[in-house]
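Every number in this text was worked out from the coordinates using simple rules, so none of it is lab data. What you see is a predicted model, and the numbers here were worked out from it, not measured in a lab. Neighbour counts run over all protein chains shown; Cβ positions are idealised from the backbone, glycine included.
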Amino acid sequence: MRIKLDNIQHSYHDKTILQNLSLQLDHAEAIAIIGPSGAGKSTLLRLMSKIETPDRGEIYINDIDVIKSEANEYYKKVGFVFQSHNLFPHLTALQNITLVLEKVHNKTSEEARRLAIDLLTQFELVEHMNKRPSQLSGGQAQRVSIIRSLAISPEVMFLDEPTSALDPILTREVLRTILKLREKNMRFVIVTHELGFAKKAADYILFMEDGKIIEHGPVSILDKPQTESLKKFVEYVME
Ligand SMILES: Nc1ncnc2c1ncn2[C@@H]1O[C@H](COP(=O)(O)OP(=O)(O)O)[C@@H](O)[C@H]1O
Ligand SMILES: [Mg+2]
């Protein structure tokens, strides 16, 4: 996956959150964005997934000019799962998945149902497929939300804390799925506070603090941080 961020600036109510953020990556398969709470990780993910537009700067994902791209076209190529799932409350788990497949990807209802049930089975959710989001646990709803994004086979998936509501076994399931999909050329940008998960799921690390990218490089930088900030962060999180 190629990513280019050119001088991104972004504010909320006159408070500058991201400042002069630039980055160019040509070969990452899965990028983990790590850093303390409030660093601007989720904000950067929203900008890359075109949920928000930066005040200034340019963003290219696989050579697509994200800011200038047509939203509907862009959303056919990328998927995203944010911290709080955004399932349609009036639809069942199954319908939440098949709707997107039928409407956005023109699958027949039969194809959509088959694909959805396959994925629901893989994530041990098939017995809950007729429940609505309010009848699911947080972890179950989050997995349905992940499946819904996966079902359209996007080029790139943006995940914000995908394991925050999951127990260790389901976290492993998400990890396994990411690694499997990486082999099928799906690419990932994952915000996570779990360094162990970042190390296994990603091949590239972006460490952010105070709205800036402080250090980035292959996952091995976690074992040998170059900056005092990342060193402190790793020590603190590992404690
Ligand atoms: N919608 C918003 N409105 C106002 N401030 C926001 C909004 N989203 C994020 N912020 C602020 O931007 C900063 C970075 O937030 P965020 O990107 O969520 O950080 P992280 O994901 O690293 O914890 C925080 O100070 C947060 O309070
Ligand atoms: Mg966040």
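A few remarks follow.
- Qualifying position, being among the hydrophobic types (A, V, I, L, M, F, W, C), within 16 Å of ligand 1 (Cβ to nearest atom), within 18 Å of Phe158 (Cβ to Cβ) and over 13 Å from the mean Cα position of the chain (by Cα), among Ile61, Ile8, Ile67: Ile8
- Selection of region 44-101 for residues being in a helix (DSSP H, G or I), farther than 20 Å from Arg2 by Cβ and aliphatic (A, V, I, L, M) yields Ala71, Ala93, Leu94, Ile97, Leu99, Val100, Leu101.
- Wholly enclosed strands (runs of 3 or more DSSP E) of region 145-239 bearing at least 2 residues within 18 Å of Val78 (Cβ to Cβ) and touching a Pro at 6+ places or on another chain (Cβ under 6 Å): none
- Among the residues of region 3-43, those that are aliphatic (A, V, I, L, M) and in a loop (DSSP other than H, G, I, E, B) comprise Ala28, Ala39.
- Screening region 111-139 for residues that are of a type in the set (Lys, Arg) and touching a helix residue (DSSP H, G or I) at 6+ places or on another chain (Cβ under 7 Å) and picking the one that is nearest to Leu91 (Cα to Cα) gives Lys131.
- Check on Lys41, buried (at least 19 other Cβ atoms within 10 Å of the Cβ), within 16 Å of ligand 1 (Cβ to nearest atom) and free of Cβ contacts under 8 Å to residues at least 40 places away in the same chain: no
- Looking across region 133-170 at every residue that is polar (S, T, N, Q) and within 16 Å of ligand 1 (Cβ to nearest atom), the one that is farthest from Ile190 (Cα to Cα) is identified as Ser164.
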